[in-house]
Amino acid sequence: MSFHLIDYQTWERKEFYEHFISNVVCTYSTTVNLDITHLKGVRLYPTIIWLLTKVVNQMSEFRTALTDEGVGIYDEMHPAYTIFNKENKNFSAIWTEFHTDYNEFLNAYEKDTEKFSSSKQYAPKPHRPPNSFDISMIPWFTFTSFNLNVFGDGKYLLPIFTLGRYFDDRRKKLLPISIQVHHAVCDGYHIGRFVETLQALINQFHA
């Protein structure tokens, strides 16, 4: 893992960052429907996790974080996600190392979920890396919007993704996804590029 500090004084986003990190602390979320018709026959959750991580690793705005060193960009991110315990109806948050090869990632995902799916702990897998971001899924209902409130000092910059239950729309299968970001590092333009890139990868996906 490498964390590259931004040259703050020459950073072209400096004025925008300072405004939204100090003057008007602002996070926001938006919900879009992904067309997942092409993903028929694959395991949806790990596939979407892999695809999301692939796009995150292509766009620096979604890898920007504020650490004790300062504001910078991780060179690579890993997904942290929730799994459901069917016995006690609770969930755990675990993470899996990202691999650019889908089948290699799927194998690691299956090992992690098998090992921790019966856990009653919130975070049963130790040593979550700082260069990781959160994904959760709510498969029991679909939604048109979803707002996650993160309290604290307002300086958490990494994205958070929430997936809902997919639904049929004519001949398409659509998956709602809520994308939460910090305005200090990510604008609507960046979310637009993210969604466009993610949809293109879904359309091209082959296991």
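Would the stretch 44-58 turn up any residue that is under 30 Å from residue 111 (Cα atoms), surrounded by 14 or more Cβ atoms within 10 Å (Cβ to Cβ) and touching a Gly at 6+ places or on another chain (Cβ under 9 Å)?
Taking the stretch 44-58 as the starting set, the residues that turn out to be under 30 Å from residue 111 (Cα atoms) are 44-58.
Of the ones still in play, those that are also surrounded by 14 or more Cβ atoms within 10 Å (Cβ to Cβ) are 44-58.
Remaining after also requiring touching a Gly at 6+ places or on another chain (Cβ under 9 Å): none.
Within the stretch 44-58 (the criterion being under 30 Å from residue 111 (Cα atoms), surrounded by 14 or more Cβ atoms within 10 Å (Cβ to Cβ) and touching a Gly at 6+ places or on another chain (Cβ under 9 Å)), the answer is no, since none of the residues qualifies.
Within the stretch 143-151, can one find any residue that is farther than 25 Å from residue 3 by Cβ and assigned to a strand (DSSP E or B)?
No, the conditions are met nowhere in the stretch 143-151.
Which one of 156, 109 is out of contact with any Ser or Thr (no Cβ under 7 Å at 6 or more places or on another chain) and either within 29 Å of residue 2 (Cα to Cα) or modelled with pLDDT of 95 or more (or both)? Step through it out loud before you land on a result.
Details: 109 fails: out of contact with any Ser or Thr (no Cβ under 7 Å at 6 or more places or on another chain).
Going through 156, 109 in turn, just one is out of contact with any Ser or Thr (no Cβ under 7 Å at 6 or more places or on another chain) and either within 29 Å of residue 2 (Cα to Cα) or modelled with pLDDT of 95 or more (or both): 156.
How do the pairs read when you match residues in the stretch 118-147 that are under 30 Å from residue 168 (Cβ atoms) and touching a residue at least 12 places away in the same chain (Cβ under 8 Å) with residues anywhere that are of a type in the set (Val, Ile, Thr) and surrounded by 14 or more Cβ atoms within 10 Å (Cβ to Cβ), using Cβ under 6 Å and keeping only pairs 6 or more apart or on different chains?
Qualifying pairs under 6 Å: 134/160; 135/49; 136/82; 136/162; 145/31; 146/31; 146/162.
Taking the options 2, 22, 92, 29, name whichever one is farther than 13 Å from residue 131 by Cα, among the small types (Gly, Ala, Ser) and in contact (Cβ under 8 Å) with a residue 60 or more places away in the chain. First the steps, then the outcome.
Values: 2 fails: farther than 13 Å from residue 131 by Cα; 22 fails: in contact (Cβ under 8 Å) with a residue 60 or more places away in the chain; 92 fails: in contact (Cβ under 8 Å) with a residue 60 or more places away in the chain.
Just a single option satisfies the conditions, and that option is 29.
Whether any residue in the stretch 106-113 is free of Cβ contacts under 8 Å to residues at least 12 places away in the same chain and either of a type in the set (Lys, Arg) or outside any loop (DSSP other than H, G, I, E, B) (or both) is what I want to check.
Here is the first cut: in the stretch 106-113, the residues free of Cβ contacts under 8 Å to residues at least 12 places away in the same chain are 107, 111.
Next cut, either of a type in the set (Lys, Arg) or outside any loop (DSSP other than H, G, I, E, B) (or both) only: 107, 111.
Looking through the stretch 106-113, at least one residue is free of Cβ contacts under 8 Å to residues at least 12 places away in the same chain and either of a type in the set (Lys, Arg) or outside any loop (DSSP other than H, G, I, E, B) (or both).
Which of (1) without any contact (Cβ under 8 Å) to a residue 60 or more places away in the chain; (2) closer than 17 Å to residue 191 by Cβ; (3) not polar (S, T, N, Q) is the odd one out, the single condition residue 55 does not satisfy?
(1)
Return the residues of the stretch 67-92 that are touching a helix residue (DSSP H, G or I) at 6+ places or on another chain (Cβ under 8 Å) and not in a loop (DSSP other than H, G, I, E, B); say none if nothing qualifies.
Of the residues in the stretch 67-92, the ones touching a helix residue (DSSP H, G or I) at 6+ places or on another chain (Cβ under 8 Å) are 70-71, 73, 77-79, 81, 83, 92.
Of everything in the stretch 67-92, those that are touching a helix residue (DSSP H, G or I) at 6+ places or on another chain (Cβ under 8 Å) and not in a loop (DSSP other than H, G, I, E, B) turn out to be 70, 71, 73, 78, 79, 81, 83, 92.
Every residue, every condition in (1) at negative phi; (2) surrounded by fewer than 14 Cβ atoms within 10 Å (Cβ to Cβ); (3) not hydrophobic (A, V, I, L, M, F, W, C), yes or no:
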site: 8; (1), (2), (3): yes, yes, yes
site: 15; (1), (2), (3): yes, yes, yes
site: 22; (1), (2), (3): yes, yes, yes
site: 25; (1), (2), (3): yes, no, no
site: 28; (1), (2), (3): yes, no, yes
site: 31; (1), (2), (3): yes, no, yes
site: 35; (1), (2), (3): yes, no, yes
site: 38; (1), (2), (3): yes, no, yes
site: 42; (1), (2), (3): yes, no, no
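Only one of these is within 18 Å of the chain's Cα centre (by Cα), within 16 Å of residue 181 (Cβ to Cβ), modelled with pLDDT of 95 or more and of a type in the set (D, E, K, R): 61, 97, 76. Name it. Before the answer, list the steps.
Values: 97 fails: within 16 Å of residue 181 (Cβ to Cβ); 76 fails: within 16 Å of residue 181 (Cβ to Cβ).
On inspection, the qualifying residue turns out to be 61.
Sort through 124, 129 and tell me the only one that's surrounded by 13 or more Cβ atoms within 10 Å (Cβ to Cβ), farther than 14 Å from residue 31 by Cα and over 15 Å from the mean Cα position of the chain (by Cα). Before the answer, list the steps.
On the way: 129 fails: over 15 Å from the mean Cα position of the chain (by Cα).
When all the criteria are applied, what remains is 124.
Just to check your reading of the model, which residue among 135, 179, 202 is among the β-branched types (Val, Ile, Thr) and surrounded by fewer than 20 Cβ atoms within 10 Å (Cβ to Cβ)? Break it down stepwise before answering.
On the way: 135 fails: surrounded by fewer than 20 Cβ atoms within 10 Å (Cβ to Cβ); 179 fails: surrounded by fewer than 20 Cβ atoms within 10 Å (Cβ to Cβ).
Result of the check over 135, 179, 202: 202.
The values are calculated or read from the model by the stated rules, or taken from the named source; none is laboratory data. This structure is a prediction, so every number in the text was calculated from the model and none was measured. Glycine also receives a Cβ, built like all others from the backbone with ideal geometry; neighbour counts cover every protein chain displayed.
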